[in-house]
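The values are calculated or read from the model by the stated rules, or taken from the named source; none is laboratory data. Since we're looking at a predicted model, the values are computed, not measured. Here the Cβ is made from the backbone with ideal geometry for all residues, glycine too, and neighbour counts use every protein chain on show. Ligands, DNA and RNA are stripped out before the accessible areas are found, and what is left, the full protein with its side chains, is counted by its heavy atoms. Shrake-Rupley method; radii C 1.70, N 1.55, O 1.52, S 1.80 Å.
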Amino acid sequence: VANSIHYNSLREKNPFIKVNCAALPATLIESELFGHEKGAFTGAIDQKRGRFERANGGTIFLDEIGELPLEAQVRMLRVLQEKEIERVGGTESIHVDIRVIAATHRDLQAMIREGKFREDLYFRLNVFPVYIPTLRERSGDIPGLVQHFIQKKSRELQLASIPTLTPDAYDRLMAHHWPGNVRELKNLIERLSIMVEREYIEDSDIPEPYNPSAVCSTDINDSQLMQIDNFKKARKEFEKEFIVEKLSQHNNNVTKTAKAIGVGRSYLHKKLKQIKE
C-alpha cells in the first residue's frame, strides 16, 4: 500500500525510503533516522545522512511505528511539526520536505493509555488513516495472491513450468485463519514451490497446521464463511464443466484426458467420483 501511494503520486521520481522500526538497534535508532556528525560517538568516523534526510523530496515509510522507544518518538514529533531534523552531534537544523507513511499492527491507543506511545505523535501521524483488512477478512483474494507468489517464485527458481494448486489444496488455504497474514501465505507458497517437484500442488503437500479441521470457528465470521462457501461452489461448478469438456474432447478416455489436463489418472478418477456425488 505504501508503495502504491508513493509511485502513484507527484513524488514518484523522488526517494522512497523504507524503515522497519522494529529492526533498528535501540542504540542506533536516532543515528539511523536522523544521521550523525563525524565524532558524534564512538565509531562515528564520518558524517552520515539519516533516513529522513535521504527521503527529502519523497516518501519515508515507517513500518512498525509502535516499536519506536519514547526517546525517538520525541524527535520524530519535531520532524512532523517543524519539518526539520538535527543530526546526532550536530547543531544545524536541516529542513526536509517529505511525506510520512506509518504502519503498525499494534493498538496505539492502548499503548497511549499505558504510557508507551506519545499521544501528540499519534495525532500527528493519524491524519489520513488507512485500514488494511487482514487476509482472513478478504479470503477471496487468496487465489489471486497464490498465483502471484507462485509465478514470482517460479521465475526465481527458473522452473520449467509454473505449478498449479489443485482445488482441494485451495480449499485448505481458504479455510485457514492466517494469523501471519499475507507474509504467512507468501512463505508457504515459497516453501511449496521449493519442495514440490510436480506440476500440481495437491492437498496432501500442504503441511498439517493448515488443516481446516484445526481452525477455530471463532476465527471466522459469517461473512468470511459465506465467501469461502461461494468460492467452493463456484470452483466446483467450473471444475465440473472443465472436466466434462475435456472428457468429451477425448471421447471419454480417462487416460488421455488425464494426460491432456496434466494430472494423474487416479486423481482424475477421484474428481469424477466427486462430480457424480
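Laid out as a table, the results:
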quantity: Hey, Phe61 of a type in the set (Phe, Trp, Tyr) and over 30 Å from Leu188 (Cα atoms) or not; calculated: no
quantity: Index of the failed condition, Asp205 passing every other in (1) modelled with pLDDT of 85 or more; (2) open to solvent by less than 30 Å² (accessible area, probe 1.4 Å); (3) over 12 Å from Ile142 (Cβ atoms); calculated: (2)
quantity: Test: residue in segment 118-125 that is open to solvent by 40 Å² or more (accessible area, probe 1.4 Å) and among the aliphatic types (A, V, I, L, M); calculated: yes
quantity: Where a residue in segment 45-63 is over 16 Å from Arg75 (Cα atoms) and in contact (Cβ under 8 Å) with a residue 24 or more places away in the chain and its partner, wherever it lies, is surrounded by fewer than 16 Cβ atoms within 10 Å (Cβ to Cβ) and among the polar types (S, T, N, Q), with Cβ under 9 Å and at least six apart; calculated: Thr59/Ser9; Phe61/Asn3; Asp63/Asn20
quantity: Evaluation of Arg78 against (1) under 26 Å from His36 (Cα atoms); (2) touching a helix residue (DSSP H, G or I) at 6+ places or on another chain (Cβ under 6 Å); (3) part of a helix (DSSP H, G or I) (one fails), failing number; calculated: (2)
quantity: Set Glu137, Glu197: member being under 16 Å from the mean Cα position of the chain (by Cα), open to solvent by 60 Å² or more (accessible area, probe 1.4 Å) and within 30 Å of Lys240 (Cα to Cα); calculated: Glu137
quantity: Residues being surrounded by fewer than 16 Cβ atoms within 10 Å (Cβ to Cβ) and either modelled with pLDDT under 90 or among the hydrophobic types (A, V, I, L, M, F, W, C) (or both) - total across segment 2-18; calculated: 1
quantity: Selection from segment 106-117 of residues that are free of Cβ contacts under 8 Å to residues at least 24 places away in the same chain and either touching a strand residue (DSSP E or B) at 6+ places or on another chain (Cβ under 7 Å) or open to solvent by 70 Å² or more (accessible area, probe 1.4 Å) (or both); calculated: Asp107, Gln109, Arg113, Glu114
quantity: Qualifying position, being open to solvent by less than 30 Å² (accessible area, probe 1.4 Å), without any contact (Cβ under 8 Å) to a residue 60 or more places away in the chain, within 30 Å of Lys270 (Cβ to Cβ) and among the β-branched types (Val, Ile, Thr), among Ile162, Ile85, Ile150; calculated: Ile150
quantity: Selection count, segment 19-55, where residues are closer than 17 Å to Lys83 by Cα, open to solvent by 70 Å² or more (accessible area, probe 1.4 Å) and at pLDDT 90 or above; calculated: 1
quantity: Failed criterion for Phe238 (all others in (1) modelled with pLDDT of 70 or more; (2) within 30 Å of Gly140 (Cβ to Cβ); (3) exposed (fewer than 15 other Cβ atoms within 10 Å of the Cβ) hold); calculated: (1)
quantity: Inter-residue pairs, beta-carbon under 9 Å, first closer than 18 Å to Pro129 by Cα and in segment 1-26, second β-branched (Val, Ile, Thr) and open to solvent by 50 Å² or more (accessible area, probe 1.4 Å), 6+ apart; calculated: Val1/Val130; Val1/Ile132; Ile5/Val130
quantity: Residue that is nearest to Ser9 (Cα to Cα) [pool: residues in segment 81-105 that are within 27 Å of the chain's Cα centre (by Cα) and at pLDDT 90 or above]; calculated: Arg99
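Residue-by-condition table, conditions (1) touching an Asp or Glu at 6+ places or on another chain (Cβ under 8 Å); (2) surrounded by fewer than 16 Cβ atoms within 10 Å (Cβ to Cβ):
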residue	(1), (2)
Val79	no, no
Gly90	yes, no
Arg99	no, no
Leu157	no, yes
